[in-house]
Amino acid sequence: MVKSGKINCVIVKDLSRLGREYNETFTYLRKVFPALGVRFIAINDNIDTAKEAITNDLSISFKGVMNDEYCRDISIKTRTALNIKRKNGDYVGATPVYGYKKSEENNNRLVIDDYAASIVKDIFKMRIDGISADKIAAQLNDKGVLSPREYKKDNNIPLPRNGYCDKANSKWSATTIIRILKDEIYTGKLIQGKQGTPNYKIKELVKRSEDELFITENAHEAIISKHDFDLVQKLMQLDTRISPKTDRLHLFSGMLICGCCGNRMTRKTVAYKGNKYFYYYCPTGKKNGCKGENMVKEDDLTECVTESIQAYIKNVTSLQDVLSGIDSSAINAERCGRIKTQIAEIQKQLKKTADFKSTLYENFISGILDKDDYKALKATYSKDEQKLNDTIKTLESELDECVNNTSKKALWTEHFKQFENISELDRNIVVQLIVSIKIFDKTHLQITYNFEDEYEQALSVLEDMTEAV
């Protein structure tokens, strides 16, 4: 309106009401307003350009600098307050992620939204069952399930500004499904500070490095178990594609590896005399040195893998029965002692790092280090300190599990036992139990199971106990 000539006078309470950013404010006062013939009045600051032009008035310039400094001070205090909340595991987001809502007792804590959480669980279950993100989105839309944006809108939950959430009448999409499947917040882990502005004068968001993130384990109740979340991440990394004629993956999709060249094997259909036969083969071919002698019939492979899984589960069950009859206190004490030794060693490293860091300033003052070297070394030692402290926290958590005998790793046998009565395979069983299947030829394959490290450790414990007897 000023530029169109509709306004020839601007009146404010004080100079800060026009603006606090020094350069922009005085650009208007000294260039824009005079060029357009606009009178400016700031009542409390006794400024009236009709009486005296604002050129080199030192007092007015000083007020402008103080207003700008006030913004900087407020920005620092706000950032500091938010970072303290993030360190304490408080949720500082304006709106909760789909599946959670803010607690009525504590606005900085997340609690489960039962309905939305049930949809999240269904999404993870469908992905584990082999259904693609696109098909999951289509099924949810067909059932009339509201998308995260529409659900929040329908329940008067504040919506995030900008980004995909601003799209009106949004439906479920593969992008939304994948975003949910990749979000660790559903395991109870809170990751904050992923992006932000460099300072109060720059509004563009920038992505922050991993060491600048605020991570809190068990910040709220989990919707998805850590095991299921990790399983989904593994499935999403597999090179799997769904046939247009089906809505889910084939039984061994992404699991089969050629024992000759290491590439993923492909499923193909062979029609013969009106019947269809399914085979897995290596598409690499002889051009890359693959002999191509490991093509295997799907029915034969399914039968072989089923028998192998059944036998492996029997071994795990037998191993658990044997170990359950052994007094594990000595084994547990040995493990606790090993963890304590590791913590003590890292604490020594931490002390050395702190000592080195404390001498930096003295070396800088005495002239041994210049300013750039001092800053670089200080940043390096600070980063090392943070890594060591994080390692100690992890080990202390393991030690607590060990002392209280609550280690989740001890539950790996139960994971296998839940499938001990299977008679036939499905996609869920395959992805829950198997990491990969390497096929060398029609009669030779190698199956890598989940929790193989725990299995080997259990065997090692049994051997040690046997030798001791």
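Only the coordinates and a few stated rules stand behind these numbers; no lab work does. What you see is a predicted model, and the numbers here were worked out from it, not measured in a lab. Reconstructed Cβ throughout: ideal geometry from the backbone, glycine too, with neighbour counts over all protein chains shown.
Only Cα pairs under 8 Å and at least 6 apart count here; give the relative contact order of the chain as a rounded whole percent.
Taking the mean separation of contacting Cα pairs over the length of the chain, I get 11 percent.
Output wanted: per-residue J couplings in Hz (rounded whole) for segment 134-141, from phi through Karplus 6.51 cos²θ - 1.76 cosθ + 1.60, θ = phi - 60°, x for Gly and Pro.
5, 5, 4, 4, 5, 5, 5, 5
Using Cα positions and a limit of under 21 Å, work out the lysines in reach of Lys87, with same-chain residues fewer than 8 apart set aside.
Lys77, Lys101, Lys102, Lys189, Lys194, Lys207, Lys383, Lys387, Lys393
Taking the Cβ-Cβ separation of Glu52 and Val32 as r and a Förster radius of 25 Å, what is the calculated FRET efficiency to the nearest 0.05?
For Glu52 and Val32, the calculated efficiency is 0.90.
Which whole-number percent of Cα pairs in the chain have a distance greater than 42 Å?
Counting pairs separated by more than 42 Å, the tail of P(r) holds 45 percent.
Taking 1 over the mean of 1/r across every pair of different Cα atoms in segment 100-237, what Kirkwood radius in Å do you get?
That comes to 16.6 Å for segment 100-237.
Round to a whole angstrom and tell me the spacing of the C-alpha centers of segment 249-287 and segment 383-401.
Between the Cα centres of segment 249-287 and segment 383-401 lies a distance of 45 Å.
Please list, ordered by chain and number, the residues whose modelled amide H lies under 5 Å from the amide H of Tyr100; skip anything fewer than 5 residues away on the same chain.
Amide H neighbours of Tyr100, under 5 Å, 5+ apart: Asp113.
Determine the dipole magnitude for the chain: charges of +1 sit on the beta-carbon of Lys and Arg, -1 on that of Asp and Glu, nothing else is charged, the reference point is the Cα centre, and the result goes in debye to the nearest 20.
Magnitude of the dipole: close to 2600 debye.
For the Cα atoms of the chain, what angle does the longest principal axis make with the long axis of helix 329-365, in degrees from 0 to 90, nearest 10?
30
Cross-link candidates for Lys348: which aspartates and glutamates have Cα within less than 12 Å, leaving aside residues fewer than 8 places away along the same chain?
Straight-line reach from Lys348, under 12 Å: Glu385.
What whole-number distance in Å separates the alpha-carbon centres of segment 46-95 and segment 125-148?
Their Cα centres are 47 Å away from one another.
Name the long-range amide H neighbours of Ser225: under 5 Å, sequence gap of 5 or more, or other chain; modelled H, no Pro or chain starts.
Amide H neighbours of Ser225: none.
Can you tell me which of 347-354, 301-308 comes out highest on packing, and rank the rest after it, using the mean Cβ neighbours within 10 Å?
301-308, 347-354
Treating the angle as unsigned and between 0 and 90°, give the value, to the nearest 10°, between the Cα long axis of helix 298-324 and the longest Cα principal axis of the chain.
80
Return the lysines within reach of Lys6: Cα separation strictly under 17 angstrom, same-chain partners fewer than 8 residues apart disregarded; answer none if there are no such residues.
Cross-link targets: none qualify.
Starting from the Cα of Ile422, step 7 Å along the direction of its Cβ; do the same at Glu217; then give the gap between the two resulting points in nm.
A separation of 2.9 nm, rounded to one decimal place.
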